[in-house]
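Bear in mind that the values in this text are calculations on the coordinates, not laboratory data. Predicted model, so just to flag it, every value in this text is computed and none were measured. A quick note on method: Cβ atoms are made from the backbone with ideal geometry, for glycine too, and the neighbour counts reach across all protein chains shown.
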Amino acid sequence: MADSLLHPIDADAPRPLRFEFDGAEITARLDDTVLAAVLAAQPQCGVNEFDGGARAGFCLMGSCQECTMWDDQGRRLRGCMTVARDGLRLRSRPYEEAD
Ligand code: FES
């Protein structure tokens, strides 16, 4: 994927955290949410299961589920409510769909 959707005001701030999203390495600032970090690196966080359109979150406060992701244990999480951590391995689709 090209370009990012979000452009942080402090774009030059250190991004010491690293995690994986759909196989891509994503860097994050301390206290970034996973969704903010993903959208600072690429234009979407998934694909709509009904029409194939891009998903990029909507409410950014845990209500809409448009930022749903899955961790490597198969747990569903909301990217806008999950703080980025080193070593996370996340996917935009459940493992049974992605594999
Ligand atoms: S963007 Fe709405 S729940 Fe995360």
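Summarised as an ellipsoid, the chain has semi-axes of 20, 15, 13 Å, derived from the eigenvalues of the Cα gyration tensor scaled by 5 and square-rooted, with the largest first. Using the rule -39500 (n - 2.57) for each DSSP H run of four or more residues, divided by the residues of the chain, the 222 nm mean residue ellipticity is -2000 deg cm²/dmol.
Dipole of the chain computed with +1 at Lys/Arg Cβ and -1 at Asp/Glu Cβ about the Cα centre; of Ser4, Gly62, Leu88, farthest Cα towards the positive end is Gly62.
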